[in-house]
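Below is one structure, written out as structure tokens; comments come after it.
Just so it is clear, none of the values below were taken in a lab; they were calculated from the coordinates. From a predicted model like this one, the values you see are computed outputs, not experimental measurements. Please note: Cβ atoms are built from the backbone with ideal geometry, for glycine as well, and neighbour counts cover all protein chains shown.
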Amino acid sequence: MDSLIYLYGALVLVAAALAAIAIRAPHPLALRGGAVVLAAALMSMGYAGFAELLGRPKPADLEWAARNTSEATVLAAEMREGEAIYLWLQLDHVDAPRAYVLPWSMEAARQLHQAQGRAEKAGTEVQMHRPFRDADDGGERMFYAAPQPALPPKLVHAR
């Protein structure tokens with residue numbers, strides 16, 4: 001959320017700078033007033049656009065900040081055949097879960113479905129390997145059931 005605030009702040013600064021340049025330009029007053037109105041419209045549309053994007057899943061192809069993430073926990077998933085695979089992922093080193101959308105792939109949907117079944121039987125979570133890999137990478141398993149954690153060592157009492 002903080003990065004979104006900084007991004008919106010940068011948009012406001014750029015729009016204000018452009019409006020200031022337009023105001024100082026040697027043009028008729030109506031044209032300069034129009035530039036200020038357009039800058040205000042840009043700020044409003046930017047705010048509305050950012051607010052709208054907060055509720056939408058991000059296309060995994062557009063993730064650049066967490067591009068090198070090697071593993072993620074799949075908290076929830078919804079597959080819409082022929083449309084997309086919607087995921088709610090918990091990334092390492094990120095506090096809150098994030099929503100992503102993958103383009104539809106029969107192979108990815110099959111792997112996800114199998115991993116969900118195995119994880120349910122084992123009582124573990126579904127993991128996703130390299131969630132933001134490039135589309136040209138192939139042959140790797142994407143979804144899998146996390147292995148069960150090792151049991152704690154037994155305590156031996158000496159007599």
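For the range 2-53, what class follows from the C-alpha gyration tensor (a ≥ b ≥ c being the square roots of its eigenvalues): rounded when a/c is under 1.5, otherwise prolate if a/b is larger than b/c, else oblate? It is oblate, given that a/c is not under 1.5 and a/b is not larger than b/c. Across every direction, the projection of the convex hull enclosing the Cα atoms of the range 42-88 has a mean area of 4.8 nm².
What list do you get for H27, H129, H157 if you sort them by fewest beta carbons within 10 Å? Before the final figure, lay out the partial values.
Details: H27 12, H129 15, H157 4.
Fewest-to-most ranking of H27, H129, H157: H157, H27, H129.
Between Q148, Q127, Q111, the residue with the greatest mean-square fluctuation in the GNM of the chain (Cα pairs under 10 Å linked by springs) is Q148.
Using a Gaussian network model of the chain in which every pair of alpha carbons under 10 angstrom is joined by a spring, one finds that among R67, R32, R98 the greatest mean-square fluctuation is at R32. By the beta-carbon count within 10 Å of each Cβ, the least crowded to most crowded order of T124, T69, fewest first, is T124, T69.
In a DSSP loop and with at most 11 other Cβ atoms within 10 Å, the chymotrypsin sites (Phe, Trp or Tyr not before Pro) in the range 1-84 are W64.
Taking θ as phi - 60° and the Karplus parameters 6.51, -1.76 and 1.60, the scalar couplings of the range 43-55 work out to 4, 5, 5, x, 5, 5, x, 5, 4, 5, 5, 4, x Hz in sequence order, x denoting glycine and proline. Mean-square fluctuations from a GNM of the chain, with a 10 angstrom spring cutoff on Cα atoms, peak among L38, L102, L75 at L38. The ellipsoid that matches the Cα gyration tensor of the range 58-145 has semi-axes, each √(5λ) in whole angstrom, of 18, 16, 12, with the longest given first. Rounded to whole numbers, the Karplus 3J(HN,Hα) couplings from phi for the range 147-156 are x, 5, x, 5, 6, x, x, 6, 8, 9 Hz, using 6.51 cos²θ - 1.76 cosθ + 1.60 with θ = phi - 60°, and x at Gly and Pro. Between the range 4-20 and the range 59-80, the alpha-carbon centres lie 29 Å apart.
For Y47 and I23, calculate 0.36 nm times their separation in residues minus their Cα-Cα distance, and state this gained length in nm to one decimal.
Numbers: separation 24, 0.36 × 24 = 8.64 nm, distance 2.30 nm.
Contour length minus Cα-Cα distance gives 6.3 nm.
Structural descriptor for the range 9-159: relative contact order 18 percent, calculated from alpha carbon pairs under 8 angstrom and at least 6 residues apart. Once the Cβ-Cβ distance of L31 and E63 is raised to the sixth power relative to R0 = 35 Å, the FRET efficiency obtained is 0.25.
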